[in-house]
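One structure is given below, encoded as structure tokens.
Since every read-out is calculated from the coordinates, none of them should be taken as a lab result. Remember, predicted model here, so these are calculated numbers, not experimental data. Counting neighbours? That spans all protein chains shown, and the Cβs are built from the backbone with ideal geometry, glycine included.
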Amino acid sequence: MYTQGLDQAEPLGDEDLSRLSERFEAKVAAEDKVEPTDWMPDAYRTLLVRQIAQHAHSEIVGMLPEGNWLSRAPSLRRKGILLAKVQDEAGHGLYLYCAAETLGISRDEMVEQLLAGTAKYSSIFNYPTLTWADCGAIGWLVDGAAIMNQVPLCRCSYGPYARAMVRICREESFHQRQGFEIMTVLSQGTPEQKAMAQDALDRWWWPSLMMFGPPDAQSTHNDRSMRWKVKRFTNDELRQKFVDMTVPQAHFLGLTVPDPDLSYNGEHWVFGEPDWSEFKRVLSGDGPCNRERLAARNKAHDDGAWVREAAVAHAEKKRSRERVA
Amino acid sequence: MNASPEPGQRSTWPLWEVFVRSRSGLAHQHVGSLHAVDAEMAIANARDVYTRRGEGASLWVVPATSIVASDPDDKESFFGLDEEFRHPSHYVVPDGVVGI
Amino acid sequence: MGDHAVDALLRVGDSCLVLAQRLTAWCGHAPALEEDIALANVALDILGQARGLLTRAGEIEGAGRDEDALAYLRDAPDYRNLLLVEQPNGDYGTTMLRQLLFDAWAVELWPALVFSTDPVVAGIAGKAAKEAAYHVRHSASWVVRLGDGTEESHQRMLAALDMLWPYAGEAFLDDEVDVAAAESGLMPLPSSLLPAYRHRVESVLAEATLPVPPDPWWQRGGRQGSHGEHLTYLLAEMQVVHRAHPDATW
């Protein structure tokens, strides 16, 4: 609804620009929200488009690893819960694409960037789901990490993004719980089930820690993002919070966190260094499933083209018939 | 056949804004947007996308292009009114007087 | 109530289960994000209907089988679903046409089941009737859009119709189980739903500019346990984890 506000009629002079820029910074500093029709620096717009689009892509690609187990969920109750959960991810992707659209980019453009492989999405979804326990580990760890990242985004300075995040966080609270419930049942189940749960934790632990992004010292976008109140906590702060929350949960499950350096210092759980070369490799396209995930998205898009076109054609026919009538 | 638009354009579904009345008696509130080819699809999609948890008792969908927004540059001249006498707190009610 | 009741409930419950299994395969792969969400809602409703009926069938059977025992531990010959729902998804048009052919039956069946002499079935039906009314709007609107869309979509829908039409009639062929279920008041006689079904499907096809094919030999047997080639693959995938861990709970 906001796109008409984006036609910036005439170029601004330097004086206007610095006045607008000052006003913008003051507004953000005062915790006021920025809305689509408000003036904003190009860099702010670019930062948000990139972040929101990446976030949306992550939700959509994130449907694939778990969606993979919908057909094989071991009980009908689990099948229904998992379907509702994966469906929610589609909803979240949709809310986020819409939030990004208020910044003047279309969903089609963003989707094209994803399909062409030029847009990033969360590297975690380039890992394979190998057993049913992976659905538990993803809900527990991956959604747990996502929630930790997302709760502060509900207070993000950009109104449409913040509002989408409020809705997403509200909906997502069941995701982590259903994952933990799967893990609880498995870890209290047969020896094979318990082994399955441990194996899933072993494989998903480090990629989950990497979800918070590179260490603060190496992170390029932290400063500006914090100043503009898009981000509220640094990567390392959130990672520590996640570890502090999750380690006791793993102990409750009777599972072992696959980190020999893990120890409690009386205040925090001190943990080892994730393999950042793996992170970079997976992010830049060489994870175990990058090609598969993009191929699946491309296939869905291509196979659906005739359907989308037919729907448009039918709507046009209907409109022209109504005009005649 | 009509002149066909470019392939990329042909499959673009217009944007709609969605408003939900969450309970009877409340006003419709903007909840987000979605894409749909026509009003019928927009209403159906709004139901599926925005009321998955029983949030809705009624839906409005509006083509995004039909919404007219105030200009943010007019903000001060539009909304900067300072007429305190329009608010009840502006007036002094003498002690002991009730029902006003 | 006895065997005929269990069988009759499984005929509907299994049809819902197999269709829900088919529909979940679209999750994450639908032609548009909005449609991905819509179709998952349909699948969730139908899965819920299946769970209710399988649970009830197990209770009436009295052999201690719950919904999961019935879903995961029966082989294809014990499944009682319509052949229609085990047909592969094909393209989106095929899925939507299959859905219409199912929904147009369900939307007649559930309101009739509200009057079932089995109060549990009547309860399930009350909820399912509302769901089916929405489902058929959804599938009918897509069949119309795709039938009367582009030249390509029209051709694809003709092909889908050719493929699926022979499976449209099975739901209305009465046998002795149906007669017994109808006499006990558990369910309506399948053939009694046919006129309304025919009327609805034909009017949707007309609006979709698709011809109503002549009545073929209606493919049959699914409701008696004789299935086509597709069902065993579907069940093998659905049941693999559950069967690999015989004594586990999930």
Check your understanding: Given labels modelled 7 Å from the Cα in the Cβ direction, how far is it in nm from C:Ala236 to A:Glu316?
Key -> 4.5 nm
**Study point:** Cut-off under 5 Å, modelled amide H: who pairs with B:Leu15 long-range
**Key:** B:Ala64
Exercise for review: Note down the nm distance, to one decimal, between modelled labels 7 Å out along Cα→Cβ at A:Arg281 and at B:Val92.
Suggested key: 8.0 nm
Review point. Extent of segment C:3-244 along each principal axis, from alpha carbon coordinates, in Å, largest to smallest?
Key: 54, 41, 31
Study note, to complete from the structure: Beyond 23 Å (Cα-Cα) in this structure, taken from A:Lys194/A:Lys280; A:Lys33/A:Lys241; A:Lys299/C:Lys130; A:Lys120/A:Lys241; A:Lys27/A:Lys120; A:Lys120/A:Lys280, we find A:Lys194/A:Lys280; A:Lys33/A:Lys241; A:Lys299/C:Lys130; A:Lys120/A:Lys241; A:Lys27/A:Lys120
Check your understanding: For chain C, modelled as a GNM with alpha-carbon contacts under 10 angstrom, which of C:Ile37, C:Ile46, C:Ile124 fluctuates the most?
Key -> C:Ile37
Point to revise | Cα shape, chain B, gyration tensor, a/c 1.5 rule | key: oblate
**Study point:** chain C: calculated mean residue ellipticity at 222 nm from DSSP helix runs of at least 4, using -39500 (n - 2.57)
**Key:** -21500 deg cm²/dmol
**Study point:** Sequence of C:His199, B:His35, B:His90, C:His154 once ranked by neighbouring C-beta atoms within 10 Å, starting from the fewest
**Key:** B:His90, C:His199, C:His154, B:His35
Review point. Taking amide H positions as placed 1.01 Å from N in the peptide plane, with prolines and chain starts having none, which residues 5 or more places from A:Val270, or on another chain, fall under 5 Å of its amide H?
Key: A:Ser263, A:Tyr264, A:Asn265
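If you take each beta carbon of peptide C:135-148 and count the beta carbons of other chains within 10 angstrom, what is the mean?
Mean shielding count: 3.
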Check your understanding: Where a ≥ b ≥ c are the square roots of the eigenvalues of the C-alpha gyration tensor, would you call chain A rounded, which needs a/c under 1.5, or, failing that, prolate if a/b is larger than b/c, or oblate?
Key -> oblate
Revision key, fill the gap. Answer in debye to the nearest 20: the dipole magnitude of the protein assembly as shown about its Cα centre, from +1 Lys/Arg and -1 Asp/Glu charges placed on Cβ, is 480 debye
Point to revise | Inter-chain Cβ neighbour average for residues C:239-246, partner chain, 10 Å | key: 4
Exercise for review: Set Lys and Arg Cβ to +1 and Asp and Glu Cβ to -1, take the dipole of segment C:135-176 about its Cα centre, and tell me which of C:His138, C:Met163, C:Leu173 lies farthest positive.
Suggested key: C:His138
Review point. Roughly how tilted is helix C:33-61, in degrees to the nearest 10 and between 0 and 90, from the longest Cα axis of chain C?
Key: 30 degrees
Practice item. For segment A:176-210 and segment A:240-292, compute the distance between their C-alpha centroids and round to whole Å. Key: 14 Å
**Study point:** Kirkwood hydrodynamic radius of the protein assembly as shown, Cα pairs, Å
**Key:** 27.5 Å
Check your understanding: Among A:Leu262, A:Gln188, A:Ala116, which residue has its Cα positioned farthest towards the positive end of the charge dipole of chain A, with +1 placed on the Cβ of Lys and Arg, -1 on the Cβ of Asp and Glu, and the dipole taken about the Cα centre?
Key -> A:Gln188
Practice item. Treat every Asp and Glu Cβ in segment C:52-152 as -1 and every Lys and Arg Cβ as +1, leave all other atoms uncharged, and give the resulting dipole magnitude about the Cα centre to the nearest 20 debye. Key: 300 debye
Practice item. Indicate the gyration tensor shape class of segment A:92-190 (rounded, prolate or oblate), computed on the Cα atoms with a ≥ b ≥ c the square roots of the eigenvalues: a/c under 1.5 is rounded; otherwise a/b larger than b/c is prolate and the rest oblate. Key: oblate
Review point. Taking a spot 7 Å from the Cα of A:Arg155 along the direction of its beta carbon, which residues of segment A:206-246 have an amide N less than 15 Å from it?
Key: A:226-234, A:238
Review point. Chymotrypsin sites (Phe, Trp or Tyr not before Pro) within segment A:180-274: which are DSSP loop residues with at most 15 other Cβ atoms inside 10 Å?
Key: none
Review point. Rounded to the nearest 0.05, what FRET efficiency is calculated for A:Asp261 and C:Glu59 with R0 set to 51 Å and r the Cβ-Cβ distance?
Key: 0.40
Exercise for review: Please give, to one decimal in nm, the separation of the simple spin-label points placed at A:Arg50 and C:Asp174, each 7 Å out from Cα toward the Cβ.
Suggested key: 7.1 nm
Study note, to complete from the structure: For chain C, the longest principal axis of the Cα atoms and the Cα long axis of helix C:151-164 enclose an angle in degrees, to the nearest 10, of 30 degrees
